[in-house]
Amino acid sequence: MITSKEIRQSFKDFFQSKEHRIVPSAPMVIKDDPTLMFTNAGMNQFKDIILGNAPVKYPRVADSQKCLRVSGKHNDLEEVGHDTYHHTMFEMLGNWSFGDYFKKEAIAWAWEYLTEVLRLDKERLYVTVFEGAAEENLARDDEAAAYWEEYLPKERIINGNKHDNFWEMGDTGPCGPCSEIHIDIRPEEERTKIDGLSLVNQGHPQVIEIWNLVFMQYNRKADGSLEPLPAKVIDTGMGFERLCMAVQGKLSNYDTDLFQPIIRKIGEISNALYGEDPAKDVAMRVVADHLRTIAFSITDGQLPSNAKAGYVIRRILRRAVRYGYTFLGMHESFMYRLIPTLIEVMGDAYPELAAQQILIEKVMKEEEESFLRTLETGIRLLEKNLPEQEGGVLSGEVAFQLYDTFGFPLDLTELILREHGMTVDVGGFNTEMEKQKQRARNAAAVETGDWTKVRDGEPEFTGYDETETETRILRYRAVKQKNREFFQIVLSRSPFYAEMGGQVGDTGWLIPEEGEKTDIFDTKRENNLAVHFTRKLPANIEGTFTARIDTEKRTATECNHTATHLMHEALREVLGMHVEQKGSYVSPELLRFDFSHFGKMTPEEIREVERRVTAKIRSNYPIEEHRHVPIEEAKAQGAMALFGEKYGDDVRTVRFGSSIELCGGTHISSTGRIGTFRIITESAISAGVRRIEAVTAKVCEDYLYAKEDALVEIKNLLHNVPDVMQGIRRLLADNEEMEKEIREYVKEKTEQLKQRIIDKKQDIQGITLFKLIMPIGSVDVVKDIAYQLKGQFPEKMMFVAGTSADGKPSLTVMLSDDLVAGGLHAGNMVREAARQIQGGGGGQPHFATAGGKNADGLIAAVESIVQKLNDF
């Protein structure tokens, strides 16, 4: 049997023979496209080329791209594990042509690869072509159909509608008709009964699409109209898992060698045998699929969290943990133990898995254990609140409690309910979410218009060499976000660094030859295009301008960026070579650096890193910058390539002394200009990942001055003692002695108060009532008295207190156990009485408290509680 590794390599070899450049997979986590969190198609890494924002370096390209689809238009999550061919993380084999070949070659090579290289049965293959759309004046794709007729009879060429056979990047942008290749992998006896032709695109699990050939020939404008693209594009995508199923003669993706080793390992850990129990089989498939998604996301730098992309990964992990818990009996963390098997299966194609193994395992283990601590309690709560009959609806309030208290994502609650034939009140859940606002919201939707072209030209970044330059506007567009409107401008030449790699974008001005200058308040990168943000357009759009950056902010940012490089090297020297960058943020105010490390740094380690960075600053190393260095040559020189970053064939290297990194950001001319450096915080952000925040230059000076000022103030407060530390120790010792005396005093006064309460006890129907109504310094004193009285009078005793502190009233009730057994409930009593003080509360049957706003109602509240004894 041909293995998955051999199939993947055969695809690359085939298209390399057709003069395609074989490029590595881009990271699955996307960092520079505001419209996407994850790579969900093979074309994502070429989006800037397709949009015309980057030059075409290789007109023919092929690769195997790791993708993730779990939300939005491409959402396969609910089908994963329940059918045989849907996945969250999957590989997409693809070939592209940027203005080179088109339909004829794409169709011919697809047919050649499938039938001559992989030797798939031609009689089992069907294709679809776009049938046209009269409402858009689009005709049938007769061109593609004619090429297919060279290989297939007409009856196996099927017309497809706009939904299936007209591909669009989004609401706007490149689009065009497509041809899908479907394969019928049913057993021969089934094929003789029903022709596969009638099952294409009908959801049959063994008559499935394996390859989509997209012919981009139009551009969709914001008004919905279509215009021809100046350069046509071929974009094909073939599902690798489905291809392996077809080639290896399996009826399920999960039966291929991509998944079976993982499923066998799951069975070994859980003492389950795949193929014996349908429910366990689904669980094994879900875990095997989700394992890949989580591992590759962590590898690419996206850790589980409660926001945006991180929340997506946490949802997927928790979904897998719950399947393991419920159906495989896995009540302890187990998924992290599958990582070595995953590396055996996919490590050859994706070596970053093995390089990041320890981090992946630690993050997954901690996430599993965290969710398992609340999973059992959450499931019990859910089962307790299940509707009484099939088809019932769980309240949105309970679903939100599961989310907010026990970490159940809504889709996990929906999944469990669906297994019981029930649903959830999603509207009610959303209402509770809106009220609580516990989770950070995504940024408000951004409305952008079409670009207005002013002139032709390619934008050029000049910011490595200059801080101002003569320029002209190439294009602009209006943007609406929330209640504000601003504009985005693309310049022919620009010194403005566009936010990327953690470094914030430059600010500055666009200065005309005459008239008012225009403020540029940010610069960002969108699909490799530097976009300048301004609140108004220049008066003369077609004029010539001077683009000038704010050099003070740029210099401060560069100090922090260069210090980040120096600190990265120092961390590896002090902590070990396992330290790898996991994220960074560089602004004029501070630098933030996330890195892999498995324990809290000691004060000595922090100080040693500071010393080493400071020594490198004093050495005044000049910048050694090299552009357009072949990536392999850069790596050979020792430049660090970061996991989760996409590098081209040629890169830029930045060296300061022995520190050398691949970097596209801007830097100070020599390390001496940084001046000063201090680490201000070191903390954990997830399992195996630490975060440092540090300051440099003027901000660091201000930080140190503030420390000095605080020390002077402390000395003044201590009456200028010669030794500040000795003075503080003496003050702490005196304070401890005073606290001891206060505790003794409070204890004595509490005892006196308790005795007065005992002296005034009442007898109501054989029950001893202790009552206290007065202002009091601390509610802890009341609680202490309540428990002392219960200890002294264990039978037929009630203590009720109405007290106030700082004008805030509170109620306290303590009952002996026999009164509780007889039917009294302290929690219910204070909850009802709290209405008298305009408040609320509750507690246990024997002890409860309540607070309120109206101290004038305390006497009435206490008497309403006492009345319960008269009615008892």
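Values for this structure:
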{"item": "Every residue from the stretch 562-579 that is assigned to a loop (DSSP other than H, G, I, E, B) and not hydrophobic (A, V, I, L, M, F, W, C)", "result": "Gly576, His578"}
{"item": "Among the candidates Phe38, Phe15, residue that is surrounded by 18 or more Cβ atoms within 10 Å (Cβ to Cβ) and either modelled with pLDDT of 95 or more or within 25 Å of Leu114 (Cα to Cα) (or both)", "result": "Phe15"}
{"item": "Elements of type helices (runs of 4 or more DSSP H) contained in the stretch 300-380, each with 3 or more residues being modelled with pLDDT of 95 or more", "result": "339-346"}
{"item": "Residue under evaluation Glu276, criteria (1) in contact with a helix residue (DSSP H, G or I) (Cβ under 8 Å, 6 or more places away or on another chain); (2) over 30 Å from Ala139 (Cα atoms); (3) not in a helix (DSSP H, G or I), criterion not met", "result": "(1)"}
{"item": "Matching entry among Gly249, Gly237 (being closer than 19 Å to Ala41 by Cα and in contact (Cβ under 8 Å) with a residue 40 or more places away in the chain)", "result": "Gly237"}
{"item": "Condition met for Lys582 (over 32 Å from the mean Cα position of the chain (by Cα) and not in a loop (DSSP other than H, G, I, E, B))", "result": "no"}
{"item": "Residue check, Leu93 touching a residue at least 12 places away in the same chain (Cβ under 8 Å), under 30 Å from Ala283 (Cβ atoms) and touching a Lys or Arg at 6+ places or on another chain (Cβ under 8 Å)", "result": "yes"}
{"item": "Output for the stretch 393-452, where each listed residue is within 30 Å of Arg475 (Cβ to Cβ), at pLDDT below 70 and not acidic (Asp, Glu)", "result": "Asn442, Ala443, Ala444, Ala445, Val446"}
{"item": "The stretch 689-707, subset over 31 Å from the mean Cα position of the chain (by Cα) and small (Gly, Ala, Ser), residue surrounded by the most Cβ atoms within 10 Å (Cβ to Cβ)", "result": "Ala697"}
{"item": "Selected residue [touching a residue at least 60 places away in the same chain (Cβ under 8 Å) and in contact with a Lys or Arg (Cβ under 8 Å, 6 or more places away or on another chain)] from Arg673, Arg678, Arg652, Arg690", "result": "Arg690"}
{"item": "Residue that is nearest to the chain's Cα centre (by Cα) [pool: residues in the stretch 150-163 that are surrounded by 13 or more Cβ atoms within 10 Å (Cβ to Cβ) and not polar (S, T, N, Q)]", "result": "Lys162"}
{"item": "Counted residues, the stretch 722-740 - those being of a type in the set (Asp, Glu) and modelled with pLDDT of 90 or more", "result": "3"}
{"item": "Counted residues, the stretch 563-588 - those being of a type in the set (Val, Ile, Thr), in contact with a His (Cβ under 9 Å, 6 or more places away or on another chain) and surrounded by 22 or more Cβ atoms within 10 Å (Cβ to Cβ)", "result": "1"}
{"item": "Matching residues in the stretch 260-302 - criterion: being of a type in the set (Phe, Trp, Tyr) and surrounded by fewer than 24 Cβ atoms within 10 Å (Cβ to Cβ)", "result": "Tyr274"}
{"item": "Matching residues, the stretch 489-530, being in a loop (DSSP other than H, G, I, E, B), among the polar types (S, T, N, Q) and under 23 Å from Leu662 (Cβ atoms)", "result": "Asn527, Asn528"}
{"item": "Residue count for the stretch 531-561, restricted to those that are assigned to a strand (DSSP E or B) and out of contact with any Pro (no Cβ under 7 Å at 6 or more places or on another chain)", "result": "7"}
{"item": "Output for the stretch 603-623, where each listed residue is part of a helix (DSSP H, G or I) and of a type in the set (Val, Ile, Thr)", "result": "Ile606, Val609, Val613, Thr614, Ile617"}
{"item": "Only listed residue being in contact with a strand residue (DSSP E or B) (Cβ under 6 Å, 6 or more places away or on another chain), assigned by TED's automatic domain parsing to the domain that holds His87, crowded, with 23+ Cβ neighbours inside 10 Å and among the hydrophobic types (A, V, I, L, M, F, W, C), chosen from Phe240, Phe166", "result": "Phe240"}
{"item": "Selection from the stretch 172-194 of residues that are at pLDDT below 90, surrounded by 13 or more Cβ atoms within 10 Å (Cβ to Cβ) and out of contact with any helix residue (DSSP H, G or I) (no Cβ under 7 Å at 6 or more places or on another chain)", "result": "Thr172, Gly173"}
{"item": "Among (1) crowded, with 18+ Cβ neighbours inside 10 Å; (2) modelled with pLDDT under 90; (3) farther than 19 Å from Gly239 by Cβ - the single one Lys57 does not satisfy", "result": "(1)"}
{"item": "Sole residue being touching a Cys at 6+ places or on another chain (Cβ under 6 Å) and hydroxyl-bearing (Ser, Thr, Tyr), chosen from Thr256, Thr236, Thr299, Thr326", "result": "Thr256"}
{"item": "Any hit, the stretch 330-337, residues being polar (S, T, N, Q) and either touching a strand residue (DSSP E or B) at 6+ places or on another chain (Cβ under 8 Å) or assigned by TED's automatic domain parsing to the domain that holds Tyr218 (or both)", "result": "no"}
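The values are calculated or read from the model by the stated rules, or taken from the named source; none is laboratory data. As the structure is a prediction and not an experimental result, all values here were calculated from the model. For neighbour counting, all protein chains shown are included, and Cβ atoms are generated from backbone atoms with ideal geometry for every residue, glycine included.
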